[in-house]
Amino acid sequence: MTVSVNLTVNGKPVSVSVDPRTLLVQLIRENLQLTGTHVGCDTAQCGACTIHLNGRAVKACSMLAVQANGAAVTTIEGLAQGSDGKMHPLQEAFRDCHGLQCGFCTPGMVMSACQLLADNPKPSEAEIRAGLEGNICRCTGYHNIVRAVQQAAAAA
């Protein structure tokens with residue numbers, strides 16, 4: 001048995017038939033081939049699967065695709081601006097400040113940081129660290145990630 005899920009993904013309408021047990025992250029990665037959204041822990045602990053659902057950061061491994069029916073989804077691929085694919089200011093800041101090493105956590109970190117800056121455009125270092133608590137990085141030690149968020153906030 002399959003069910004139809006209708007979404008707007010990165011500004012484009014999408015209709016997909018999936019098994020009702022399909023996770024949203026699986027729909028994004030496997031059905032839509034948007035592999036920037038990563039699967040890290042499958043338990044909503046690491047934040048690698050963070051996307052925006054109706055403008056709010058959510059962990060796509062923690063919800064079924066059918067729960068997102070009718071929603072607007074933005075993935076890391078959807079943050080690029082304009083037809084020339086110009087990177088989002090946070091993506092540029094992560095690159096400029098070397099806020100990544102292996103890059104596995106980076107899409108989720110960027111998506112969470114976007115939400116943080118939308119809610120608090122000028123966060124302190126402590127607020128940035130608290131805002132990114134749901135995202136785990138095993139490489140960087142977080143210092144450069146915090147610097148990247150500070151740079152993006154200062155540029156806004």
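Some values worked out for this structure:
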item	result
Gyration tensor over alpha-carbon atoms, segment 3-79, equivalent ellipsoid semi-axes in Å	17, 14, 11
Highest-MSF residue in the chain out of VAL14, VAL58, VAL73 [GNM, Cα springs under 10 Å]	VAL14
Modelled label reach - GLN81, point 7 Å along Cα→Cβ, segment 109-132 residues with backbone N closer than 17 Å	110-111, 113-119, 121-122
Alpha-carbon radius of gyration plus Dmax, which is the widest Cα pair, for the chain in Å	15.4, 50
Karplus-derived 3J(HN,Hα), 6.51/-1.76/1.60, for each residue of segment 129-140, Hz, glycine and proline x	4, 5, x, 9, 4, x, 10, 10, 10, 9, 10, 8
Helical contribution to [θ] at 222 nm, DSSP H n ≥ 4, -39,500 (n - 2.57), averaged over the chain, rounded to 500	-8000 deg cm²/dmol
Farthest positive-ward along segment 3-79 dipole, Cα basis, beta-carbon charges - from GLY55, THR37, VAL18	GLY55
Longest segment of the chain lacking trypsin sites (Lys or Arg not before Pro) that sit in a DSSP loop with at most 16 other Cβ atoms within 10 Å	22-137
Residue (of ALA118, GLN101, ILE136) at the positive-pole extreme of segment 89-155, dipole from beta-carbon charges	GLN101
Nonlocal amide H pairs with VAL5, under 5 Å, H built at 1.01 Å	VAL16, SER17, VAL18
Principal-axis tilt of helix 106-119 within the chain, Cα atoms, nearest 10 degrees	80 degrees
About the Cα centre, charge dipole magnitude for the chain (Lys/Arg +1, Asp/Glu -1 at Cβ), debye	20 debye
Cα→Cβ-extended label distance, 7 Å offset, between ARG95 and GLU30, nm	3.2 nm
Chain lengthening between THR2 and GLN45 when straightened (0.36 nm per residue, less Cα-Cα)	12.6 nm
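Here, each number is a calculation from the coordinates, and none is a lab measurement. None of the values given here were measured: they were computed from a predicted structure. Every residue, glycine as well, gets a Cβ built from its backbone with ideal geometry; the counts of neighbours run over all protein chains shown.
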